[in-house]
Amino acid sequence: MSGLPGWPLPTQLSSSLPSSSSPIANPAASDLDNATHADHGSFFNTSYVPFTSPPTPVPSPSPRSSKVVRRQQSELSLLRDVRPHFSALSAEAKNSFLSDLLSSCPVETLVHICNLITPRIKRDFLRDLPPEIALHIVSFITDARTLSRASAVSKFWNSLLSDECLWRSMCKVHKYCSDRITGTRPSAMSQPKPVMWKTPTLPFSYKQHFKVSYLTEGNWRRAGRIVRSHTFGAGTVTNVSMDSEWIIVSLTNCMVYVFSAKTGQHVRNLAGHKQGIWALHLSDVCNASYGFGQEGAWALTGSCDRDLRVWDVRNGYCLHVLKGHTSTIRCVKAVDGRPVAVSASRDGVARVWDIQKGICLRVLEGHTESVRSLDVAGNICVTASYDTTARLWNLDTGECLRIFRGHQQQIYSVAFDGLRVATGSLDSTVRLWDAESGECLALFQGHTSLVGNVQILDDDLVTGGSDGRVIIFSVKNYSTRLRICAHDNSVTTLQVDAHYLVTGGNDGCVKLFDRATGAPVRELTERCDAVWKVLMRRDKCVIMCKRGGNTVVEILGFGPTPEQLCAT
């Protein structure tokens, strides 16, 4: 065994070590060698001492790190010195200093500054105000989209903008009326009567009502669907009436058809009349309930057989057959909240009935020719006749309060809002009367033939004539507000609500117009041979027309779909 190069082994140790041929020189055989010579003892005793490396000394600071530390200390000292001087500057000097400072900053520093500044300059001004003042401020926002975006700003804004008072105000501004928001029509001459409202079984949400109404209004313009379509072989549609639960259609074939307003399904027929039915009215379910305890709707039908029948729509029973007229019954109306109805006939007489007891209360006589139309508000009734006059009656006493004279030919249509009476005549004019004084307030001209349709809503008087025109007059300043060339032939029917105007004509079209501007929106159905009646109510439109020689009843729905409700 030789030592490391340059390091000779001591002579004594070298002579005592075994040679390279000895087994101990082979590490793999060391264990076997020890076992073999165990009895002879070890010729070389070795002790191993564990070796521990000394601790590494802390490195001396490099010249570079020392410079960094000195620079950081210098910067901190500079910031401490600059801060009080900067605070003492005027606002103008601060702005100038910061402008110069920012111009020398790189983009990364500017981004960092922006991230620091943005949260500091944001302030929720609504949260800092009392809730009453905050609600008053947001009440000036009447755009639904703006409120929707504002509610997504924060949880506090969302909670604030969910207040029911705000959405109640929105419903009034957008004219999204409901039975909970509006009451019955005003009457300047009727006596106030106590009304017992039914306690609602479900909580009412103005916010949800606004949402549904807003989507429904949009569907009238862009969407909608045919809920049901029914075809009848013969008979001409004479009238239609609808509430939130039922749609009732009368025909000249002596039949009355009842449909569900929700599903459009044909529910039953009301059979009993022996001749064609020309008068139809459906009492409002809510008014019937709180008025005189009738929980379901009643239908009133008048026929060429001179009978007036009272029906329970829910079960189809004929409750009363009221006799007294001596000619065809042309029109009938029920009084809101009372078991009272008024019918008028070609015999020139109007009769007041107690439809709960089935008796005639009084007879309204005075007209000398057929009574073509009537309207009721409160306990006051207006009848329009072919004798060129209209009469105002007190239903409680049977007294004729006013006689409206001025038309040169027969009166075909009348509307009464409790304050004013509007009449449309064969002389192509429309007259507006004061219900209390009987004075003719205005004579409206513009039609060239029979005015067969008149409606009063708010400050608008809407008229439709056989010349195909629809004219909207203002009852506030007695001027012509809009002229609409609606149809190529007679306007057979029209309906108006807070937002839209629907018309039907002998040209086979059903058209939708914007009430505020008179602009055409679209046609609601495919063209047909002729349109007899159109009735609209919130999210429904019922069209009675002739198509392919058959009588067709189409029920259109414009309510929001589940997808629309979930998406907003």
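The values are calculated or read from the model by the stated rules, or taken from the named source; none is laboratory data. This one's a predicted model, so the numbers in the text were calculated from it and none came from an experiment. Cβ placement follows ideal geometry from the backbone for every residue including glycine, while neighbour counts extend to all protein chains displayed.
Could you tell me which residue of the stretch 467-480 is farthest from residue 516 (Cα to Cα), considering only residues that are crowded, with 17+ Cβ neighbours inside 10 Å and of a type outside the set (Phe, Trp, Tyr)? My answer is 467. Looking across the stretch 42-100 at every residue that is under 30 Å from residue 113 (Cα atoms) and in a loop (DSSP other than H, G, I, E, B), the one that is modelled with the highest pLDDT is identified as 90. Looking only at the stretch 100-111, residues that are under 18 Å from residue 79 (Cα atoms) and either touching a strand residue (DSSP E or B) at 6+ places or on another chain (Cβ under 8 Å) or not acidic (Asp, Glu) (or both) come to 5 in all. Give me the residue from the stretch 368-416 that is over 15 Å from residue 279 (Cβ atoms) and of a type in the set (Lys, Arg) and, out of that set, surrounded by the fewest Cβ atoms within 10 Å (Cβ to Cβ). For the stretch 368-416, the residue satisfying everything is 405. Please find, within the stretch 198-256, the residue that is nearest to the chain's Cα centre (by Cα) out of those that are of a type in the set (Lys, Arg) and either more than 18 Å from residue 267 (Cβ to Cβ) or assigned by TED's automatic domain parsing to the domain that holds residue 497 (or both). Ranking the candidates gives 211 first.
Please tell me if residue 162 is at pLDDT below 90, assigned to a loop (DSSP other than H, G, I, E, B) and either within 30 Å of residue 329 (Cα to Cα) or not charged (D, E, K, R) (or both). When the stated conditions are applied, residue 162 does not pass them. The residue that is farthest from the chain's Cα centre (by Cα), among those in the stretch 310-336 that are within 23 Å of residue 370 (Cβ to Cβ) and exposed (fewer than 15 other Cβ atoms within 10 Å of the Cβ), is 326. Among the residues making up the stretch 295-348, those that are β-branched (Val, Ile, Thr), assigned to a loop (DSSP other than H, G, I, E, B) and closer than 16 Å to residue 278 by Cα are 326, 328.
Having 2 or more residues that are within 28 Å of the chain's Cα centre (by Cα) is the bar; report the strands (runs of 3 or more DSSP E) wholly within the stretch 409-517 that clear it.
In the stretch 409-517, 451-457, 460-465, 469-474, 479-485, 491-496, 500-505, 510-514 are the strands (runs of 3 or more DSSP E) which contain 2 or more residues that are within 28 Å of the chain's Cα centre (by Cα).
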